[in-house]
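A.B. asks: Structure provided below as structure tokens; questions to follow.
The values are calculated or read from the model by the stated rules, or taken from the named source; none is laboratory data. This structure is a prediction, so every number in the text was calculated from the model and none was measured. Because the Cβ atoms are built from the backbone with ideal geometry, glycine has one as well, and the counts that use them run over all protein chains shown. What goes into the accessible areas is simple: the full protein's heavy atoms, side chains included, and nothing from ligands, DNA or RNA. Shrake-Rupley method; radii C 1.70, N 1.55, O 1.52, S 1.80 Å.
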Amino acid sequence: MAVCIAVIAKENYPLYIRSVPTQNELKFHYTVHTSLDVVEEKISAVGKAMADQRELYLGLLYPTEDYKVYGYVTNSKMFRKLHNSFTDVMCNPFYNPGDTIQSKAFDGMVSAMMVQAS
Amino acid sequence: MAQCVQSVHEFIQDSFVPMVAVLCSEDAEKVTRKNNLNFSELLRPFCRLTSEGHMRDPNNQVQVVKNLRISVNNVVTRPSVPASGTPSLAQRLLLSEVVSTCQPAEGGVANVITAGDYDLNISDRSLKASVPWYRDWRDTLTELSTSKHYTATTPWFEAYRETFLQSMPAADHEFLNHYLACLLVVSSSEAVPVEKFLKLSQEQHRIQHSGEYTNPKWFIPNTLKYYVLLHDMSQGDEHRADSVYEDMKQRYGAQGCYLLKVNSRTAAAGADEQIPDPWSQYLHKSKQVLCVDGSLVNSLDSTHPLQLDTSGDTPGSLDALRAVAVETKAGTAAAAAASHGACLTLNDHDRIRQFIQEFTFRGLLPHIEKNIRQLNDQLVSRKGLSRSLFSATKKWFGGGKVPEKSIAELKNTSGLLYPPEAPELQIRKMADLCFLVQHYELAYSCYHTAKKDFLSDQAMLYAAGALEMAAVSAFLQGGAPRPYPAHYMDTAIQTYRDVCKNMHLAERCALLSAEILKSQAKFSDAATLLIKMTSEDCDLRSALLLEQAAHCFINMRNPMVRKFAFHMILAGHRFSKAGQKRHALRCYCQAMQVYKGKGWSLAEDHINFTIGRQSFTLRQPENAVSAFRHILTNESQQASSQQADLDSVLLPLPYINSSATRVYFGHERRLAEGEKQAATHVSLDQEFDRDLAAMWRDLEEQVVASANRGVVPATFQATQCCLNSQTDNLRFPLAVVEEPIIVEVVFRNPLKVPLVLSDVSLLWKFTLKDFSRPQDAAVGDALAFSNEKETLTKQSDDIIATEVIPEFFLNPEETKVARLKLLPHQTGQLNILGLVYNLASTPSTGGVWQYTALVLFIGPSPADGTSVRGRQDLEIQGPRLNQTKEEKTSVSHGPDRRLDPTITPPMPLLEVFFLQFPTALLCGEIRKAYVEFCNVSGVPLCGLRVVSTHPDFFTFGSSSLATPLTPLSPTSFENCSAYKTLATPPGATPGSVAAVTLVSAGDFGLGEGGSGTSNGVAEIPLEDRVLKPGQSTQLPLWLRGPDHEGVHEINFLFYYESAVKGGKISHRVLRHTVFICASRSLCVRATACRSNTLPEEEAEEEDERRNGSMLVFVDVENINTNEAGVREFHIAQVSSSSKQWRLHRCINPAEDKDCKLNSRERGKLCFRATRCKPVQEKYIFADLSLGNEQIISSTTPCADFFFRRCPPSDSRRPPVAVETQGRLSRSQGAGPGGGAEDLTSLVRKCNEVDLDIIVLWKAFVVEDNKQVILEGQLHVALQTIGKEACSLTQKEEAQEMVLLKFKPELPPPMTRPSMEQLSHLIKTNLHYPESYRHPFIHKSLCLVPVTLTLSNCSLAQVDVIIDLRHKTTSPESLEVHGSFTWLGQTQYKLQLRAQEVMRVPLRACFLHAGVYNLGTPRVFAKLADQGAMCETSQQTATPALIIIINDT
């Protein structure tokens, strides 16, 4: 299960970030931020023409000492659920795209995906 | 990024150079010492050969040696470093020192790297980052990938690397830094130089072969010895040196010795000669390193922050270091002071260069060439045998054994050592030699071969070394015959690190490999390699490598900015652990550029916090503050993390809201003192109200205008006692010497922990100025003082006393104000700069937190009761300017002089107290109170005036009349009437006598007309008009309750001037605000009617008879609602005041002499008023007392309030009407209707009365079971006959709600005087006997004479037509028994002059006895000159009944 889930805006600022061992939040933030380089690399590698057919699953972005960082989707369909939930948030007419996500439903869904710590 | 100054090839070549040892005789040492150098140092700048050398390889191929460098070092026999895997403490210190001394240049050219959306400023420390909003990043990326590499230099890394490589200890498994040759140097001044050479040669031999020393290590057993004879040109005999050299040549061969002549410059000659100092750049670094010895050695004794684990270091090495340090101390200290090479000329430089070249090409290279050949021959001869032997044995013993052996032996392979002369090492030796002379091809093949051998022997250390060098030489091979074997390096590093546990070698290997990979643009690999090398054991190395890795990321084809940032943070962390605070700060700052403002708040906060802390320790308070402020202003922070921050925090704590600062000039006033009530004035407790301020300003303008004969001076500026952000602070405020200045500062505690400030006081600067002298003189001797330096506090207190607040407590997140006082004792210009305070830990938290203030840094605080001296400046930005176009387009702010008061010479200071001042009054109630004026200053005061928003509320009495009436003290006033009264003569009927007084309005301080003009300024009748210092005076003050019920805010502004003129302040003011609650009392309505009775014949005067009289009905209603309080009202007196009319007598039908009114009762009074002749615009006061005492209404206070009354609303109307009419007539021109204006006024005049009725009443009120008599007066202004006037005008206020009309209102149609108005022109009266006896029997016709009196009421000539003819159809003709006829002329045409009375004799003829109405004559009148107008029927008189009695 995941220890940290983050939704990042295309301008690379966090829309939503949540991690389970809260005492080490900073580390996760750094990790997520750093992984954006890889995401960017992978996305840019596909090229503009292919942008539409791009595979959304980016796979393993990079491993750290303790964790592995994945982009978008895993075979557990975890990320599809996340995407669906994210789509729901986006469809909310009261949500202003680009704002930090503050949605109970999304929160609940993310909590379900998290490692149930303690 | 780590873009080195050197190219990669250069770097690697320079990392491995032939080593040459130096053994120097003492005399030779002395020669070189003259130049502040030892021999090896002397040579160092010339160690790079500029020309090419040649040598032949074993295959007789000529090999070109380019750009060769040799390294010359003194022989040091002490083991410098134990050849263990970890670097020694001394080495660490050295490296750390190198890194910390090498800092990026301050203010250097900013090196901006654009990567993706980010513009990263790499070499600059400033926190500059563009706002990287999402542009088309893909475009940017593609553009970037085609562009050149980014450059950034990290000189500290290069310095580290250089020092690191130089300090590599010589290892056994490789020969690269073993000495190849030894220079034996002997001075020519030696008695027998040859012997000395011999000695040195022996010593070298001893060092190398005796086995006493493990250090230094020598490359080959028969080391090249090169004999150098050093000749000092300034001292020795040159011929002798030459001859000795000749001797040497004989002995050692021409290629084995050299005569070096130096010091040809004499000290005297060379003073002005400019000689370059090539040593500085070489020696500086190493010297610097050694120069730190003092501190280094000292710090070794104490615990150095870098000394993490001393366990690995033997005491010996420590001693060694100390010994080195002590030894070099003397030399270096001097060396650092003096320049190098002072005795050398340029010629000498050339000689040295020549010598090195000679030595290298003639001595060293051939020596190497010879050895390579020898080694090659050995190897070739042995190859067949040994190789086969090795392989045979391997086959023999090998097979399945190898793997199991490897595990067991891998552990201790580092212990596996070949003897120095082992054949396995010969090939390595040869490879190293080849490598040193740049024969990389041969070197590679040798290394490769050696590697295989070592691997097969499982000699891992050796193998790793061979692998490393094989890779390097493969890279260095020109023409790139084979790709760079990166995996060799990886294996080598892994082996060094994991198997041999030698981080030192692994690090060297990694440094080389990373450099090579970078040169091949394999940044990703380089970064991985560097990151792998980071470990827990050495923070400095880890930090540097992480930083390099970060630079690798950003130099990738697709720059990985975030990885760069992350690794920068890691590097910064390690730097800070390694004690490299400046580097740490730099790293964090660079990383900050990426994280800043992107919503990664947690990370951002962390970085900010670290930056803040590092800046703090580096004494960069501004950076620290901005970083910490960023954290603390971030609302998301929790108390816990803030507390963590506070562990080391330094902040401007608490915050000061500068713009909310208020400044108050003057004493803090007592509001009440016993029964005295002080003027409210201005205080800091009042909120600023813009409307109120405008009101006060208006009042002040009024009073200033009145003091300056009606003109407001151009320099007028409203007095501002309390300055805040909303007041006009453009000018320097004026404060008075010896009067306090109170500054209110708004503190805010942004933290969730309480703060305690102690010893809070203001900081100021003061320039002395003497305003009493002319301005020019004052400029010259301007003296400035300040209390900024604490020691001066005593002295500065004499100039300005500064109040200190001992303790000031701020709760968490509280906003609180502190008031700080200054008391100036001198005149001049004061500038309040800021405030100082001690910021202390709160007692509740037990002194755990230590707050450090902004500016002052302190050393370690005492363990408890910590406090820090803090200072904050009060800088107030003025309002934004928005006047001109320029100001509108730019953002500029005006000055704010709130805190820069000018201290002026003493001014009078007035204090005003009120005694017996009521808070509630009935409407119209008169109350007497007392005011006390006190001059509390040392300057006489004059020109005391008061202005009020309600001038009708109070009076000081008229100056001419009031004085004799004033009771001496308020106590004698008990239950005394406020009015001046006279007892009515006994026996006189109340209401029958009207006492008449003539009074001019001027006596009551009012201008002509007395209609209470807008000017509400009253001069206060002071004795002598001056209030001397310390003097106080008490004056009576009459108050009259406002006419409208409700709460009234009444503002007084007392104005006064200094009796001494010419000060900076022209006047001063004192404000007072009272609230009066007015409750309803009586409502008086009055109507005036024309009296139809003819003036009596006995009327005293002709005038009165002619003008007639008037009836005045006064209708008084008790509308008081407070039934419990007011029992009843008595109407004590009714007085009139007019210029033309007076009340004549009371014609009340009821005999009720004192009119009493209970609640809701209504009383009616009727008076006759007569017209009197106006006397010089004087007012006629007539008093009709209904009680037993007469109130003299023409004196204070009654008349005062009469004159101060609000002008009745009716009187305001005429000017408006005239104006509109004027406009009309203008539009119509002088047409036929032009006379209408005249007409109207004429007609109105006819009906005008202008009589004011003053109703004086007494109210019996029960208060606390005590009956109190209250008095009061109400005014009614009668304007027009027949129109009711009321004392209450409040209903008219409702009219203010007028609908907004956007079209101009049509001018009212020509106001013709109405029929009704015109019908009042003529007053008619019939005079006849009431009853007439007539004997109808005798005479059938009864003739009765009747007189018709016509009196013209108007002031114009009137044409009158009298028509006596009966109008039979007239409905109003009384149907009486019969009719009568008028005899004689039935129609008269008359002309009546203004106010003329005419009597027309008429005769009536009656036929029968009976009652007849004589009132049949119809009177028509028209104004004489109004031809166009027809006559208007005049109001008929009341029925005039006559009784005709048949007299029989």
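A.B. asks: Please identify the pairs in which a residue from segment B:581-593 that is within 22 Å of B:GLU97 (Cβ to Cβ) has its Cβ atom under 6 Å from the Cβ atom of a residue that is open to solvent by 10 Å² or more (accessible area, probe 1.4 Å) and among the charged types (D, E, K, R), counting only partners at least 6 apart or on another chain.
C.D. replies: Short answer, once both residue conditions are applied: B:ARG586/B:ARG125.
A.B. asks: Suppose we filter segment B:1050-1091 for residues that are out of contact with any Ser or Thr (no Cβ under 9 Å at 6 or more places or on another chain), open to solvent by 10 Å² or more (accessible area, probe 1.4 Å) and closer than 30 Å to B:VAL1126 by Cα; how many remain?
C.D. replies: 1
Condition check ((1) part of a helix (DSSP H, G or I); (2) surrounded by fewer than 24 Cβ atoms within 10 Å (Cβ to Cβ); (3) within 14 Å of another protein chain (Cβ to nearest Cβ)) across all residues:
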{"position": "B:THR491", "(1), (2), (3)": "yes, yes, no"}
{"position": "B:ASP498", "(1), (2), (3)": "yes, yes, no"}
{"position": "B:LEU505", "(1), (2), (3)": "yes, no, no"}
{"position": "B:THR528", "(1), (2), (3)": "yes, yes, yes"}
{"position": "B:CYS552", "(1), (2), (3)": "yes, no, yes"}
{"position": "B:ASN558", "(1), (2), (3)": "no, yes, yes"}
{"position": "B:HIS567", "(1), (2), (3)": "yes, no, yes"}
{"position": "B:ALA571", "(1), (2), (3)": "yes, no, yes"}
{"position": "B:GLN590", "(1), (2), (3)": "yes, no, no"}
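A.B. asks: Only one of (1) at pLDDT 85 or above; (2) buried (at least 20 other Cβ atoms within 10 Å of the Cβ) is not met by B:ALA818, so which one is it?
C.D. replies: Result: B:ALA818 passes all but (2).
A.B. asks: Between residues in segment B:601-612 that are at the interface with chain A (Cβ under 9 Å from one of its Cβ atoms) and assigned to a helix (DSSP H, G or I) and residues that are open to solvent by less than 40 Å² (accessible area, probe 1.4 Å) and of a type in the set (Val, Ile, Thr), which pairs lie under 6 Å by C-beta distance while being six or more apart or on different chains?
C.D. replies: Listed by first residue and then by second, the contacts come to B:ASP605/B:ILE631.
A.B. asks: Please count how many residues of segment B:1395-1407 are at pLDDT 80 or above and part of a loop (DSSP other than H, G, I, E, B).
C.D. replies: If we filter segment B:1395-1407 for residues that are at pLDDT 80 or above, which is where we start, we get B:1398-1407.
Remaining after also requiring part of a loop (DSSP other than H, G, I, E, B): B:1407.
Number satisfying all stated conditions: 1.
A.B. asks: Considering only segment B:235-263, state which residues are in a helix (DSSP H, G or I) and among the acidic types (Asp, Glu). Before you say what the answer is, go through the steps one by one.
C.D. replies: Keep residues of segment B:235-263 that are in a helix (DSSP H, G or I), which gives B:238-252.
Once the filter is applied, which keeps residues that are in a helix (DSSP H, G or I) and among the acidic types (Asp, Glu), segment B:235-263 yields B:GLU238, B:ASP242, B:GLU246, B:ASP247.
A.B. asks: With respect to the numbered conditions (1) under 25 Å from B:TYR655 (Cα atoms); (2) surrounded by fewer than 20 Cβ atoms within 10 Å (Cβ to Cβ), which one is the sole condition not fulfilled by B:SER535?
C.D. replies: (1)
A.B. asks: So, B:GLU468, is that one under 27 Å from B:ARG69 (Cα atoms), among the charged types (D, E, K, R), in a helix (DSSP H, G or I) and within 60 Å of the chain's Cα centre (by Cα) or not?
C.D. replies: no
A.B. asks: Same structure again: Answer yes or no as to whether B:GLN548 is among the polar types (S, T, N, Q), surrounded by fewer than 24 Cβ atoms within 10 Å (Cβ to Cβ) and more than 14 Å from chain A (Cβ to nearest Cβ).
C.D. replies: no
A.B. asks: So, in segment A:11-23, exactly how many residues are of a type in the set (S, T, N, Q) and within 8 Å of chain B (Cβ to nearest Cβ)?
C.D. replies: Of the residues in segment A:11-23, 1 are of a type in the set (S, T, N, Q) and within 8 Å of chain B (Cβ to nearest Cβ).
A.B. asks: Check whether at least one residue in segment B:13-26 is open to solvent by 40 Å² or more (accessible area, probe 1.4 Å), modelled with pLDDT of 80 or more and more than 30 Å from B:MET533 (Cα to Cα), and report yes or no.
C.D. replies: yes
A.B. asks: Which one of B:LYS577, B:LYS581 is in contact with a Ser or Thr (Cβ under 7 Å, 6 or more places away or on another chain), surrounded by fewer than 24 Cβ atoms within 10 Å (Cβ to Cβ) and either more than 18 Å from A:PHE28 (Cα to Cα) or within 11 Å of chain A (Cβ to nearest Cβ) (or both)?
C.D. replies: Unique residue meeting the criteria: B:LYS581.
A.B. asks: Something else now. Looking at B:THR719, B:THR715, can you tell me which residue is of a type in the set (Ser, Thr, Tyr) and open to solvent by 60 Å² or more (accessible area, probe 1.4 Å)?
C.D. replies: Values: B:THR719 fails: open to solvent by 60 Å² or more (accessible area, probe 1.4 Å).
Checking each option against the conditions leaves just B:THR715.
A.B. asks: Given B:HIS239, B:HIS205, B:HIS209, which one is open to solvent by 70 Å² or more (accessible area, probe 1.4 Å) and over 30 Å from B:ARG428 (Cβ atoms)?
C.D. replies: After applying the criteria, what remains is B:HIS239.
A.B. asks: Please give the number of the condition A:ILE8 fails out of (1) open to solvent by 20 Å² or more (accessible area, probe 1.4 Å); (2) modelled with pLDDT of 70 or more; (3) under 15 Å from the mean Cα position of the chain (by Cα); (4) more than 11 Å from chain B (Cβ to nearest Cβ).
C.D. replies: Single failed check for A:ILE8: (4).
A.B. asks: Can you tell me which residue is modelled with the highest pLDDT among those in segment A:24-39 that are open to solvent by 20 Å² or more (accessible area, probe 1.4 Å) and at the interface with chain B (Cβ under 7 Å from one of its Cβ atoms)?
C.D. replies: The extreme case among them is A:LEU26.
A.B. asks: Looking at segment B:880-913 only, could you name the residues that are part of a loop (DSSP other than H, G, I, E, B), in contact (Cβ under 8 Å) with a residue 40 or more places away in the chain and either closer than 22 Å to B:GLY834 by Cα or open to solvent by 60 Å² or more (accessible area, probe 1.4 Å) (or both)?
C.D. replies: Scanning segment B:880-913 gives B:GLY894, B:PRO895, B:ASP896, B:ARG897, B:ARG898, B:LEU899, B:ASP900, B:PRO901, B:PRO906.
A.B. asks: Please indicate, with yes or no, whether at least one residue in segment B:153-164 is away from chain A (no Cβ under 14 Å), surrounded by fewer than 21 Cβ atoms within 10 Å (Cβ to Cβ) and modelled with pLDDT under 70.
C.D. replies: Yes, segment B:153-164 has at least one match.
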